[in-house]
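Novice: Attaching a single structure in structure tokens format; questions to follow.
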Amino acid sequence: MYTFIANDLIYKINHQQFKVKLPTEYELMQKYNVSRNTIRKAIDIISQKGLVRRVQGNGYYINNIGADTDRIVNLTMGVSEGFNHQKLTSRVVTFDRMIADRAMANEFGCEDGDELYRIIRYRYRKNQPYILEYAYYERNEVPFLPVDVLHESILEFIKTEYDVTVDSSDQYVGIEPLSPEAASITGFPQGDRYITLYQSHYRKNNVLFNFSKTYYLDRGTRFYFHAINQS
């Protein structure tokens, strides 16, 4: 139940239904009809994702990360989400099936010979080039993807259709030159260097179901990561 509550509160925070602080623990207990312990577990999840901070004796405040939040990617969320969920538009370049080779297995942690869906999307924010995304989905975990969802959130479709969600992620950020293929798709010069994000997403029991490589073409993009002192 606390996971459901956390996800509901995260949705509301991301869609600016809470702009300054969360309702009090008592108000949340009344709203969800649960115990204080359940509410605190839910808020712990939200805090770990860097969305709120506790002010002793004054409640839980929404983290203010500054202006231009639609250009900030929150890596603490486990997926490359922005803070205000600016709607992206997409041009689907490739949608097909392929077999993972040894190089992909070494790079992303899949198995050599896995059958995959491959999706290459050129995505725009406010009609300006934003990202070029190479995404792969394990077909033994995601057996069917309809074409119409490729322009929306594929992870949302997988959650609804297969009850598969991101339980943990491996993420690597670097600066890489555009490959000849990426340059051809975007029209940008081959060899131009951009921030590149590699992600491998796992559902429960550490089962890989999705991995991706994303070029961030908007050089104004910033990445946010929230750390907690575990002591």
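The values are calculated or read from the model by the stated rules, or taken from the named source; none is laboratory data. Since the model is a prediction, treat every value here as computed from it, not as a measurement. FYI the Cβ positions are ideal-geometry reconstructions off the backbone, even for glycines, and counts take in every protein chain you see. Remember, those area values only see protein heavy atoms, side chains included, never the ligands or the DNA or RNA. Shrake-Rupley method; radii C 1.70, N 1.55, O 1.52, S 1.80 Å.
Novice: Around residue 61, with a cut-off of 11 angstrom between Cβ atoms, what is the net charge of the other residues, counting Lys and Arg +1 and Asp and Glu -1?
Specialist: My count for the surroundings of residue 61 gives +4.
Novice: Between their Cα atoms, which of 12/87; 21/49; 21/213 are more than 27 Å away from each other?
Specialist: Correct reply: 21/213.
Novice: Let me ask you something else. Report the net charge of residues surrounding residue 201, where surrounding means a beta-carbon distance below 11 angstrom and charges are Lys +1, Arg +1, Asp -1, Glu -1. All intermediate terms of the calculation are to be shown ahead of the outcome.
Specialist: Details: positive: 203; negative: 138, 141, 167, 170.
Result for the neighbourhood of residue 201: -3.
Novice: Follow-up question, since we're still on this one. Counting only protein heavy atoms and a 1.4 Å probe, tell me what percentage of the chain's accessible area is made up of carbon and sulfur.
Specialist: C and S fraction of accessible area: 46 percent.
Novice: If Lys and Arg each add +1 and Asp and Glu each add -1, what is the summed charge of the other residues whose beta carbon sits under 13 Å from the beta carbon of residue 163?
Specialist: -1
Novice: Which value results when the Cα radius of gyration for the range 132-224 is divided by 2.2 N^0.38 Å?
Specialist: Normalised by 2.2 N^0.38 Å, the Cα Rg of the range 132-224 equals 1.20.
Novice: Next up: In terms of the Cα gyration tensor, with a ≥ b ≥ c the square roots of its eigenvalues, is the range 67-211 rounded because a/c is under 1.5, prolate because a/b exceeds b/c, or oblate?
Specialist: Taking the square roots of the gyration eigenvalues as a ≥ b ≥ c, the range 67-211 is rounded.
Novice: Assuming a ≥ b ≥ c are the square roots of the Cα gyration tensor eigenvalues, decide whether the range 176-231 counts as rounded (a/c under 1.5), prolate (otherwise, with a/b larger than b/c) or oblate.
Specialist: It comes out oblate by the Cα gyration axes.
Novice: Considering only protein heavy atoms, what per residue accessible area in square angstrom results for the chain with a 1.4 angstrom probe?
Specialist: Value returned for the chain: 55 Å² of accessible area per residue.
Novice: How much accessible surface area, in Å² rounded to 10, belongs to the heavy atoms of residue 20 with a 1.4 Å probe?
Specialist: Counting only protein heavy atoms, the figure is 90 Å².
Novice: For the chain, what are the DSSP H helices with axial Cα length of 20 Å or more and mean Kyte-Doolittle hydropathy of at least 0.0?
Specialist: Membrane-span-like by this criterion, though nothing is claimed about a membrane: none.
Novice: Using a cut-off of 17 Å between alpha-carbon atoms, which aspartates and glutamates can reach residue 126, once sequence neighbours fewer than 8 places away in the same chain are excluded?
Specialist: Qualifying aspartates and glutamates at Cα under 17 Å: 68, 70, 81, 152, 218.
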